[in-house]
Amino acid sequence: MKRSKESIPDRVKKGSAPVLERLNALDKDQLHAVLATESDGQPYTSMIAYALSPGKKGIVFITPQKTTKYKNILKNNRVSLLIDTRLNTEKDYMMAEAMTILGNAFPVRKGEKWSELTKVLIRKHPNLSEIICSPETKLILVKITRCIHVTRFQTVSEWISK
């Protein structure tokens with residue numbers, strides 16, 4: 001007997017995924033995220049190379065200080081990031097997972113915390129070590145306030161920082 005294709009759900013279902021564990025797994029498997037900032041009511045998205053901070057309550061990335069995303073963060077530090085596992089195939093509907101991360105982004109000044117966070121970023125992205133340490137580059141820490149994990153197209157699990 002031929003097995004029928006699993007149908008794509010048309011309703012949101014409450015999930016029970018261990019969201020922080022999934023965030024940690026995504027950090028190990030995915031190099032990039034999409035960052036959304038805002039300026040004058042208009043969203044703006046950018047691809048970034050990221051790493052999960054020690055303690056798993058933040059995301060770190062770099063950006064040249066003359067970028068639109070950096071200017072937007074200085075005006076409004078509320079940001080969103082998307083990390084996903086899509087392969088751009090039909091299987092993605094049921095197999096891919098996506099993590100939306102909401103938080104507040106802050107430039108990190110050079111010092112002890114900057115050194116700790118740059119080490120984390122360089123460990124994950126060794127090919128970016130030169131640009132990470134460039135005087136033109138700013139290190140950004142996103143303090144996570146909420147994570148929304150979606151899998152199987154409509155199964156949604158959530159974690160809120162306390």
- Here the residues within region 53-76 that are free of Cβ contacts under 8 Å to residues at least 60 places away in the same chain and either closer than 19 Å to Asp29 by Cα or not β-branched (Val, Ile, Thr) (or both) are Gly55, Lys56, Lys69, Lys71, Asn72, Leu74, Lys75, Asn76
- Note on the structure: Checked Lys138, Lys113 against criteria (among the basic types (Lys, Arg), farther than 16 Å from Leu31 by Cα and over 19 Å from the mean Cα position of the chain (by Cα)); the one match is Lys113
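Here is a check on your reading of the model: is Val60 closer than 28 Å to Asn127 by Cβ and either loosely packed, with under 14 Cβ neighbours inside 10 Å or modelled with pLDDT of 95 or more (or both)?
Yes, satisfied.
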- Filtered residues of region 117-152 (kept if acidic (Asp, Glu) and out of contact with any Lys or Arg (no Cβ under 8 Å at 6 or more places or on another chain)): Glu130
- Message: Checking the conditions here, which among Leu102, Leu87 is exposed (fewer than 15 other Cβ atoms within 10 Å of the Cβ) and not in a helix (DSSP H, G or I)?
- Response: Leu87
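The values are calculated or read from the model by the stated rules, or taken from the named source; none is laboratory data. Since the model is a prediction, treat every value here as computed from it, not as a measurement. Counting neighbours? That spans all protein chains shown, and the Cβs are built from the backbone with ideal geometry, glycine included.
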